[in-house]
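For reference, the structure discussed in these notes is given below.
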Amino acid sequence: MSRRVNPICIDDFMNRQLTERTDILECAWHKRQQEDGGHSEDEETKHRDGHARGDLEEEEYLAPPAPRVKTFSIGDDWKTRERSPNEFEHISRWRALTVYLSWVTLIMFAYVREFLRNWGLETSHIKIELGKQKHFVPLFNDFEAVYQRNCYVRVRDVFERPIGSTPGAKVSLLDRYTEDGGWTFKFPGTQTEVINVGSYNYLGFAQNKGPCADAASTKINDEGLATCSTVHENGRSISQARLEALVAKFLGVNDAICFSMGFATNSMNAPCLVDKHSLIISDQYNHASLILGCRLSGASTKVFKHNDMKSLEKILRDAIAYGNPKTYRPYKKILIIVEGIYSMEGSISNLPGIIELKKKYGAYLYLDEAHSIGAMGRSGRGVVEYWGCDPNDVDILMGTFTKSFGSAGGYIAGSKKVIDHLRVASPTGYYSSPMSPPIAEQIYKSMSIIMGFDGTNDGEARIERLARNSRYFRLRLKQLGYIVYGSNDSPVVPVLIYYPTMCGFYGRQMLARGIGVVVVSFPATDMTEARVRFCVSAAHTKEQLDTVLNAMKEVGRETWCSSFSSHKQLYEKMKIEW
Amino acid sequence: MFATLLGIFGEASTLHYALETFLIAAVTFLYFRRREVKDSRVKLTEKQKDELIAEWKPEPLVPDTPQDHPVLNPRFIDGKMTKYVKIEGKEYLNMVTSNFLGFVGEQRIEDVAKKTIFKYGVGSCGPRGFYGTVDVHLDLEKELAQFFGCEEAVLYSYGFATIASAIPAYAKRGDVIFVDKGVNFAIQKGLQASRARVEWFEHNDMEDLERLLELQAEKDKRDSVKAGKTRRFMVVEGIYANSGEICPLQKLMEFKWQHKVRIFIDESYSFGVLGKTGRGKL
Ligand SMILES: Cc1ncc(COP(=O)(O)O)c(C=O)c1O
């Protein structure tokens, strides 16, 4: 089911209001386009904004975009089972309205407290500027600061929890407490071990022992910790060159290039591929790094509805037919940018559909596999393998090593021509340092394990465990009555709790039950769609997942979040096997 | 949190009703408001579009790269980048690395790094907000802040991205940034991402900077409302990566106080190098 767009206008209104007041990347996105001479806006969707402007028919939203998909067939051998479609269940308008009410209340109270503080009626813990700088123009603009000071700070204890161990299946959190409502934290020096369902440790390679850690440590003896030089000035180490060759082989393409940060891989390389005469068509829910890449490239940008092939095709057709509205010339090239698994939605992009459209209209495709590489497909080769597509049909395969590989950095893979161009033209080559050798070695080793080069079936077993865990965990959550977005095959599991105020509650209650979760709300998600996000890992045991599920059941009973789903009866009698 | 809010409501019932009525009225109003859509473009029919699409020839994604480009034929250095390096078996004196204090290959540092791997693993598997902050990060931040005598410090995982994200974090649209013409590429990207107005002054030319600051002061006099909202920044480097020149910080600090301009200083090259204790230009 494609994502239905919330038809109520308040959504649009609130988003507009917020967008005008913030400069957060996801929101600031659309502003520039409006200013830059207002190229056509109709039926275009904003990033992080569920509201489409045109009066599109309901059927259009509901059209199933994914081909070759059948629903659940539990109990089959997981290798032969069918792919699950993305699901986005929606709550009623009235419920959405109550969510807005909660926002309005929250913001009103924020202003009331601001007022009280200004008049000295409430003790203020706000960080103030140095006395001698107080005549400077204030650093932070009003709305953002009010939001931070009054909404974020109050639930700050559920975010940025520092850890004191490997982020594996379990993680030790540093205990901390606050005496001033979240402004500062004190650390008594103790740690609590909790089940970790927040880290992107999909294949369980975040380990402090075993072959990867050993290899990384040995590499320090051979090549040191850093090369202290840029890539072009003799900085590209042997270990990085070796890694690049392995990545290309793993993905089944000609060549690959690695960078030392995933975020910068997107934001610095997108500008090498397109210029101001080109068009970027970007998915509504693309990651901030891709949005920054689009912005830095100077190309025109249009946004299509999340994973909606009709919306993509319409934009493609119009873009080619009408050309660039600023110059009245045809675009020189069109680049479609999508992700493999969307990190906040848990949905898997419809790659076959996109490849078909890309071929039909002669566009190019940039696929960010940050969350899917290693985690999807029978042998961990990402969504390309999951869908059975040819990797050579994707022009740019991008991914990061921070997730499944338990390391750091990012890669771009593709044809030799593309990679040669990036090697020469990418600014990161001239100005930034290459990967640290032990970090490259961790990736090399974990990738070899996934590929089975270590002579064991460890890699295969991890991938299978992850697939079983994800499916089991997702279906059980649905059985509890929660609304879970995305496909049942995806290890990213967003559970909708809607109310922004629920975030703090869930974060704290789950921690009290020994579980570390990630809660997110605006601006990382739509306003009405605060959620708890779980990242399932191959390192989790079934017992650990059951503990998490039990906790979710208890907390769900205390709130009304586990009664939202109207599909509960579908799962009630289902026997869910691990 | 919601519960406490409701609690507050319960106590003051008059306030409660007044507020609630207002909220519901406001929300209902917005709820039923529709935005009209307008479209002024010439409409093409689907058939016309098909023809145009058939005609359209995209350019190749990337141009050809000459295969003899030095970057495509690199030479690899065996082992560590210490004082002498080995390339293809031959030993050379190393003059390319910016490892000014010669810490590469230092046994004590490498031992600590190894211990860290065996305690925490290699990657943190998450952003800072979601279980990606390790206690080592907090310790280092504290130590850095102490070293520089600042209130706080924040770490980034990639040097290149640090300044490029720090600038847009503070400088927004409508603000003004005074920048030296000789700044490095990362700073330029940060300026671009911030979308503030950028005023370039000649490299290390304080008179030129003064001229620009005075121009700005005049503008401010004319429009004092806008001036009250325009944050202003200067961006310079301690030692310029491109030219190796040192910035005249004293003069810049004078300007800072005189014109109330905040200052960013990129000390990538001067940190640990200049000053008696390596605290850079400060
Ligand atoms: C889709 C996507 N791309 C890129 C990145 C950035 O990767 P890194 O954390 O390695 O900088 C992320 C990280 O969250 C991501 O989700």
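Summary table below
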read-out: Cross-link partners of A:Lys132 among lysines (Cα-Cα below 17 Å; sequence separation of 8 or more within a chain); value: B:Lys256, B:Lys260
read-out: Between helix B:13-31 and chain B: long-axis angle, C-alpha atoms, 0 to 90°, nearest 10; value: 80 degrees
read-out: nm² value of the averaged projected area, convex hull over the Cα atoms of the protein assembly as shown; value: 37.1 nm²
read-out: Inter-centroid distance (Cα atoms) of the range A:277-327 relative to the range A:82-122, Å; value: 30 Å
read-out: The range A:213-265 versus the range B:166-231: alpha-carbon centroid distance in Å; value: 38 Å
read-out: Mean ellipticity per residue at 222 nm, deg cm²/dmol - from DSSP H runs of n ≥ 4 across the protein assembly as shown, formula -39500 (n - 2.57); value: -12500 deg cm²/dmol
read-out: Average projection area in nm² (convex hull over Cα atoms of the range A:301-448, one quarter of hull surface); value: 10.3 nm²
read-out: Packing-based exposure ordering (other Cβ within 10 Å, fewest first) of B:His69, A:His371, A:His287, A:His125; value: B:His69, A:His125, A:His287, A:His371
read-out: Rel. contact order, % - alpha carbon contacts under 8 angstrom, at least six apart, chain B; value: 10 percent
read-out: GluC sites (Glu not before Pro) within the range B:131-171: DSSP coil, no more than 16 neighbouring Cβ in 10 Å; value: B:Glu151, B:Glu152
read-out: The range B:159-266, relative contact order in percent, only Cα pairs under 8 angstrom and at least six apart counted; value: 28 percent
read-out: Efficiency of FRET between A:Lys326 and A:Asp390 - r from beta-carbon atoms, R0 30 angstrom, step 0.05; value: 0.25
read-out: Trypsin sites (Lys or Arg not before Pro) within the range A:540-578, DSSP loop, no more than 12 other Cβ atoms inside 10 Å; value: A:Lys573, A:Lys575
read-out: Cross-link pairs beyond the 26 Å C-alpha cut-off, checked among A:Lys134/B:Lys276; A:Lys417/B:Lys83; A:Lys358/A:Lys445; A:Lys445/B:Lys80; A:Lys542/A:Lys575; B:Lys114/B:Lys142; value: A:Lys134/B:Lys276; A:Lys417/B:Lys83; A:Lys358/A:Lys445
read-out: Whole-number percent relative contact order across the range A:437-506, with pairs defined as alpha carbons under 8 Å at least 6 apart; value: 19 percent
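Values quoted throughout were computed directly from the atomic coordinates according to the rules given, and no laboratory measurement underlies them. These numbers were taken from a predicted model, which means no experiment stands behind them. Note that each Cβ is placed from the backbone with ideal geometry, even for glycine, and that neighbours are counted across all protein chains shown.
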